[in-house]
Amino acid sequence: MPKQPPLNLSRRERQIIEVIYRLGKATAAEVTAELPDAPTLTTVRGLLRILTNKGHIRHEYDGPRYVYAPAVSRGAAGSSMLTHVVSTFFNGSPANAMAALLGSSGSKLNHAELDRLAELVDHAKKGVR
């Protein structure tokens, strides 16, 4: 089944994926134990099946149980999601996305983070020439 767009996830599906990324791999019971206001184990199993069909997670057998793991690394998933957000909400402009991020009230960057951003900008300028 083809992978769905990255934003096509319910709140609960996002919570489940976050648990699986945090734990690295997990059974349905382990996922359920980590969820806030957890639904029933049957509901979690159903959501895990949906996430598998969407291509976000994969499973393998461990005796009588399925063990779930991310289908792609957290970094690759984050890059895919960010590319989708930039394309959808910022007209494909990384500069506009960064300006929005840096201009938001919750963005308090320390000197090391600002130095890292300056390094990335300098590196990108060298690649343009």
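Any read-out appearing in this document is the output of simple, stated calculations on the displayed coordinates, not a laboratory observation. Quick caveat, the model's predicted, so the values are computed rather than measured. Please note: Cβ atoms are built from the backbone with ideal geometry, for glycine as well, and neighbour counts cover all protein chains shown.
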Run through all the Cα pairs of the chain and give the fraction in each 5 Å bin from 0, expressed as whole percent. 2, 9, 15, 17, 15, 12, 11, 10, 6, 3, 1, 0
What's the magnitude of the charge dipole for the chain around its Cα centre, counting Lys and Arg as +1 and Asp and Glu as -1 at the beta-carbon? Answer in Debye, nearest 20. 320
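Rounded to the nearest 0.05, what FRET efficiency do Met98 and Ala69 have when you use their Cβ-Cβ distance and R0 = 41 Å?
Details: r = 32 Å, r/R0 = 0.77.
That pair, Met98 with Ala69, gives E of 0.80.
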For the chain, with +1 on Lys and Arg beta carbons and -1 on Asp and Glu, the positive-most of Pro39, Ser73, Ser87 along the dipole: Ser87
Could you give the angle, 0 to 90 degrees to the nearest 10, between helix 11-23's Cα long axis and the longest principal axis of the Cα atoms of the chain? 90
On C-alpha positions alone, give me the angle between the axis of helix 94-103 and the longest principal axis of the chain, in degrees, nearest 10. 90
How far, in degrees from 0 to 90, does helix 41-54 lean away from the longest principal axis of the Cα atoms of the chain, to the nearest 10? 50
Computed over the Cα atoms of segment 11-70, what is the convex hull's projected area averaged over all directions, in nm²? 3.6
Expected output is a single nm value to one decimal: the length gained when fully extending between Leu114 and Thr88, i.e. 0.36 nm times separation in residues minus the C-alpha distance. What is it? 6.8 nm
Determine the dipole magnitude for segment 11-70: charges of +1 sit on the beta-carbon of Lys and Arg, -1 on that of Asp and Glu, nothing else is charged, the reference point is the Cα centre, and the result goes in debye to the nearest 20. 200
